[in-house]
Amino acid sequence: MSTLKICLVSSEIAPFAKTGGLADVSEAFGRYLSAQHHDIRLIMPFYAAIDTRNYQFYPVEYALNCEIQMGSKHYTYHMYTTQLPGTDAAVYLVHCPELYARPSLYTNDADEPIRFALLNRAAIELCQRMNWAPHIFHLNDWQTALIPVYLKTLYSWDGLFHNTKTLLTIHNIGYQGSFGADVINDLGLNTYYTYFDASDLYHGRLNFLRTGIRHAHKLSTVSETYAREIQTADYGEGLHKDLQNRSEDLVGILNGVDYQQWDPQKDNLIPYTYSVHNLRGKNLNKRFLLKKMGLSYDRSIPVIGMITRLAEQKGIALLRGTLELILAQYNVRFIVLGAGEESYEQFLHYIQSSFPEKAVFFKGYDYPLSHLIEAGSDIFVMPSKYEPCGLNQIYSLKYGTIPVVRKTGGLADTVQPYDWRTGQGTGFVFEHYTQSGLQWALEYALSTYAHKNVWKKLIRRAMLQNFSWEEQIHKYVELYTRMLPGKIK
Ligand code: ADP
Ligand code: GLC
């Protein structure tokens with residue numbers, strides 16, 4: 001196989017900086033493409049939140065004191081590099097404290113568009129400094145979506161990129177990078193306004209994602225169902241027409257899972273490993289988890305787990321009413337790990353104080369605890385309003401923690417509805433985004449749980465599902481290869 005040169009630009013890459021699945025997926029691209037001996041180089045911001053004690057970062061000698069003019073503003077940045085742990089892939093980080101030394105990865109600050117426009121330009125300029133012409137710029141979400149336009153405008157003079165193609169992967173259409181149109185000056189693109197959507201500009205807006213959708217050579221998203229959904233008015237968040245126009249160039253490729261990190265048989269973040277052949281450890285983890293959370297343990301009482309960003313997308317609104325009802329009527333335990341919007345945090349605090357013996361809300365971001373919840377819960381709930389792919393339901397399957405999900409996006413593509421008549425299926429799936437839908441699915445799961453042998457079979461079937469990246473990465477390699485004009489050298 002020929003070696004592909006891929007420059008992957010992302011606003012999050014695990015283990016360095018993560019708020020959600022984008023980080024896991026960006027890391028996986030690095031890991032699985034480099035394992036296949038492709039030349040993959042990853043570029044991200046050097047956020048203040050990055051732990052500089054655990055990883056070694058080296059200054060890139062030919063990319064220090066880089067000067068860049070962004071409209072009227074001038075910035076100086078330095079590039080640092082490190083290896084993606086356990087791989088041969090190099091990660092490059094744009095060190096510009098003026099832009100990236102903030103308390104969180106994303107902000108509502110006035111210069112948010114500049115923070116990521118600079119990432120886009122620094123990625124292009126790093127390739128120039130390395131004199132390295134990637135076959136593909138693989139871009140992810142709005143934060144990297146201006147690269148196609150920059151290549152067509154400010155950098156079009158550089159023959160280095162004449163054969164370079166751009167692939168924009170949409171991980172979440174709910175976040176578009178929509179700003180006031182006057183930012184065009186600071187992007188350095190005011191003389192190139194025709195590259196932006198005329199109607200947006202007319203209404204005083206400029207949308208990074210829409211611009212990327214227009215100008216990238218190819219588009220992908222992270223499940224087949226979501227690829228269809230975002231071309232409809234219901235799910236397209238105002239971009240469905242732009243996507244319909246590019247439907248020939250849009251493909252859905254389901255995310256994979258890194259089973260080196262998420263496999264109960266070798267997970268060193270859980271106290272008891274277990275496998276499909278020996279489930280004893282699962283129950284011991286349940287006891288351990290409940291003790292840690294200060295809840296009483298009884299083998300026969302089901303534990304419902306949840307790990308999530310607390311955002312509208314995740315269907316937290318459906319839990320209102322439904323959760324109170326389930327907790328009042330059933331003998332269950334409910335453990336949720338998450339952080340995000342304050343109103344949802346308040347709701348979950350209220351749930352915990354209303355049912356102190358049954359429910360715990362662990363506010364925050366905690367990677368080891370996320371593994372323990374996967375291992376120690378019986379049921380995993382993910383009632384998303386929309387879900388481009390979703391990783392937690394796939395981790396749950398592997399851990400024999402039966403998912404309760406809504407039939408949307410990647411949830412629909414990874415969880416097969418359980419049917420008591422045939423005994424087939426891997427989880428409980430409800431169709432409509434309503435409280436009664438979620439209640440039905442949870443009650444169905446709880447009544448099935450009461451039949452120990454049936455449940456055991458369900459666990460085994462779930463654990464045998466395989467969504468490994470090894471399978472999925474080939475689909476990206478095929479896509480990259482199809483994008484190239486001729487044979488690659
Ligand atoms: P999204 O990217 O929309 O948040 P995904 O299911 O694709 O949804 O990915 C979420 C990732 O973030 C998973 O790896 C999940 O375990 C992790 N995660 C989310 N919230 C937390 C949290 N509070 N603590 C630890 N991990 C979390
Ligand atoms: C997004 C989506 C999620 C997806 C992840 C990685 O944040 O919300 O469904 O799994 O990106 O692609």
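Residues whose amide H falls under 5 Å from that of Val251, counting only those 5 or more places apart or on a different chain, are Leu219, Ser220, Thr221, with hydrogens built in the peptide plane.
Is the stretch 280-466 best put as rounded, prolate or oblate by its Cα gyration tensor, with a ≥ b ≥ c the root eigenvalues, rounded for a/c under 1.5, and otherwise prolate when a/b is larger than b/c, oblate when not? Here the stretch 280-466 falls in the rounded category. Rounded to the nearest 500, the helix-only mean residue ellipticity at 222 nm of the chain stands at -10500 deg cm²/dmol, with each DSSP H run of n ≥ 4 adding -39,500 (n - 2.57).
With the charge dipole of the stretch 280-466 set up from +1 on Lys and Arg Cβ and -1 on Asp and Glu Cβ about the Cα centre, the Cα lying farthest toward the positive end among the listed residues Thr308, Met293, Val360 is that of Met293.
Beta carbons within 10 angstrom, averaged per residue: use that to sort the peptides 395-405, 218-228, 88-98, 475-485, highest first.
395-405, 218-228, 88-98, 475-485
Charged side chains reduced to their Cβ positions (Lys and Arg at +1, Asp and Glu at -1) give the chain a dipole of some 1460 debye around its Cα centre.
Counting Lys and Arg as +1 and Asp and Glu as -1 over every other residue whose Cβ lies under 9 Å from the Cβ of Ile213, the net charge comes to +2. Net charge dipole, the stretch 408-477: roughly 380 debye, given to the nearest 20, about the Cα centre with Cβ charges of +1 for Lys and Arg and -1 for Asp and Glu.
In the chain, the DSSP beta bridges split such that about 30 percent are antiparallel, to the nearest 5. Close amide H contacts of Ser468 (hydrogens built in the peptide plane, cut-off under 5 Å, sequence separation of 5 or more or a different chain): Val257. Taking every Cα-Cα distance in the stretch 227-333 and sorting them into 5 Å bins starting at zero, the pair-distance distribution P(r) comes out as 2, 9, 11, 13, 13, 13, 12, 9, 9, 6, 2, 0 percent.
Give me the orientation-averaged projected area of the Cα convex hull of the chain, in nm², one decimal.
22.9 nm²
Taking θ as phi - 60° and the Karplus parameters 6.51, -1.76 and 1.60, the scalar couplings of the stretch 15-31 work out to x, 6, 8, 8, 10, x, x, 3, 5, 5, 6, 4, 4, 5, 4, x, 5 Hz in sequence order, x denoting glycine and proline. Cross-link check: pairs Lys165/Lys241; Lys358/Lys452; Lys314/Lys456; Lys241/Lys363 evaluated at a Cα-Cα cut-off of 32 Å; pairs beyond the cut-off: Lys241/Lys363.
Please label the shape of the stretch 384-465 as rounded, prolate or oblate, based on the square roots a ≥ b ≥ c of the eigenvalues of the alpha-carbon gyration tensor (a/c under 1.5 means rounded; beyond that, a/b larger than b/c means prolate, else oblate). Oblate, since a/c reaches 1.5 and b/c is not below a/b. Of all DSSP-defined beta bridges confined to the stretch 280-466, some 5% are antiparallel rather than parallel.
Fully extended, how many nm does the chain gain between Thr481 and Glu324 (0.36 nm per residue separation, minus their Cα-Cα distance)?
Numbers: separation 157, 0.36 × 157 = 56.52 nm, distance 5.16 nm.
Result: 51.4 nm gained on full extension.
Computed from backbone phi, the HN-Hα couplings of the stretch 137-142 come to 8, 9, 9, 9, 6, 4 Hz, rounded to whole numbers (Karplus: 6.51 cos²θ - 1.76 cosθ + 1.60, θ = phi - 60°; Gly and Pro given as x). FRET efficiency for the Asp109 to Gln36 pair, using the beta carbon distance and R₀ = 41 Å, is estimated at 0.55.
Throughout, read-outs are computed from the coordinates displayed, never taken from laboratory work. Everything numeric in this text was worked out from a predicted model, so none of it was measured. Methodologically, a virtual Cβ is constructed for each residue, glycine included, from the backbone with ideal geometry; neighbour enumeration extends over all protein chains shown.
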